[in-house]
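Report on the following structure.
What follows is calculated from the coordinates using simple rules that are stated; it is not laboratory data. Predicted model, so just to flag it, every value in this text is computed and none were measured. Reconstructed Cβ throughout: ideal geometry from the backbone, glycine too, with neighbour counts over all protein chains shown.
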Amino acid sequence: MQINAKGYDRELYQEIKKGWDSVAKPLDSLGSFEELHARIGAVQGRIMPELTKSRVIVCCADNGIVEEGVSQSGQEITAICAENIANGRSSVAIMANQAGVEILTVDVGINTDQMIPNVRDCKIRKGTRNFYREPAMTPKEAEQAILTGMELVRESKEQGYSILGMGEMGIGNTSTSSAVTAVLLGLSAETVTGRGAGLDDEGLLRKQRVIREALGKYGYTGNKPARTSKEAFEALTILGGLDIACMAGLCLGGAKYGVPIVLDGFISLVAALVACRILPVTREYLIPSHSSKEPAVLRIEEELELHPVLHAGMALGEGTGAVLMLQLLRTVGAVYENGYSFEKAGIDQYRRY
């Protein structure tokens, strides 16, 4: 898979940062938001970053690993939740309506033959295989999911969306995400595996055991991180999910087509890590949102050097963190566009020493 992309415009980034210095307030007083805002503009190629028309793409897929009792819920819940997201009834849909953010719900692998109202049909197969017993996907299926995500970015840009967020829905996807993280960061199953949607102690131990034994089955027993593009793609194919692959494609599409991509929680961070292993420059196009409760999250954030601004103990998924971040970015952008300058205020501008 050949993907070409270059980093964002460094000169434009510095121009936008300089513009922030002219706003009548203490230097850097909006903290990380100023840097993220400048990076968004540099990715877009705009001295005045565009944040008005935004969309969160929610990738939905089922995971065969639920057969091993690693989740409280069965696969039938994925289709129900996807329909609720698409029809404005779920948490992310309600939050997006408040924030003025569009939601696009995509079926990339839900285990159903039914067409779900208002859900985009991009189904590759009806859920992944059970990675405890056999590889979750074929290389062709994983690649197709990645290309689907990239195509959704291209399409969205053509439709006028200047910044995108991502979300997911898929019962069992904290297990797939934990397994992929273990391989990519060279960590144990116990280190990266949490309670997901709320497993009890017995359920957590079972989930950790299933992942540990699966890692051993495929020869992932050491503590050496999988750093090459080939290794990352292989781990995604064997242990991952169609939702993770599609979101990795969103990240790669952001890099290819010059669109900032706002991440969500744990699952999206794993997708981002996969994408950055495939194409390292992808990191420059990613905007973090929140730090979730799953134990692997801090390790991934450190690896990618992405530092979320929201620390609220969230673990909802669906793109809820991305929606909140898009709203915050728009609010901060209004200060940049409409804030009183030192010159207009008739006072001396703060200097950097």
(request) Residue by residue through region 1-30, note down the ones that are loosely packed, with under 13 Cβ neighbours inside 10 Å, of a type in the set (Asp, Glu) and touching a residue at least 40 places away in the same chain (Cβ under 8 Å). (result) none
(message) Looking at Lys344 and the list (1) in a loop (DSSP other than H, G, I, E, B); (2) at negative phi, which single condition is not satisfied?
(response) (1)
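Of Ala136, Ala145, which residue is aliphatic (A, V, I, L, M), buried (at least 19 other Cβ atoms within 10 Å of the Cβ) and not in a loop (DSSP other than H, G, I, E, B)? I'd like the intermediate steps shown before the answer.
Working: Ala136 fails: not in a loop (DSSP other than H, G, I, E, B).
On inspection, the qualifying residue turns out to be Ala145.
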(message) Given the options Thr105, Thr128, name the one that is more than 17 Å from Gln75 (Cα to Cα) and among the polar types (S, T, N, Q).
(response) Thr105
(request) For Glu337, indicate whether it is over 23 Å from Gly45 (Cβ atoms) and acidic (Asp, Glu). (result) no
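One line per residue, one yes/no per condition, for (1) crowded, with 24+ Cβ neighbours inside 10 Å; (2) on the phi > 0 side of the Ramachandran plot; (3) touching a Gly at 6+ places or on another chain (Cβ under 8 Å); (4) among the β-branched types (Val, Ile, Thr):
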| residue | (1), (2), (3), (4) |
| --- | --- |
| Val281 | no, no, yes, yes |
| Glu318 | yes, yes, yes, no |
| Gly321 | yes, no, yes, no |
| Leu328 | no, no, no, no |
(request) Mind counting the residues in region 196-214 that are within 17 Å of Gly186 (Cβ to Cβ) and either buried (at least 22 other Cβ atoms within 10 Å of the Cβ) or of a type in the set (Asp, Glu) (or both)? (result) 2
(request) State all residues of region 157-175 that are crowded, with 24+ Cβ neighbours inside 10 Å and either more than 24 Å from Val66 (Cα to Cα) or out of contact with any Leu (no Cβ under 6 Å at 6 or more places or on another chain) (or both); if no residue qualifies, say none. (result) Ile163, Leu164, Gly165, Gly167, Glu168, Met169, Gly170, Ile171, Gly172, Asn173, Thr174, Ser175
(message) Show the residue pairs meeting these rules: Cβ distance below 6 Å; 6+ apart or different chains; first residue within region 278-294 and touching a residue at least 40 places away in the same chain (Cβ under 8 Å) and over 21 Å from Ala245 (Cβ atoms); second residue among the aliphatic types (A, V, I, L, M) and surrounded by fewer than 24 Cβ atoms within 10 Å (Cβ to Cβ).
(response) Lys293/Ala315
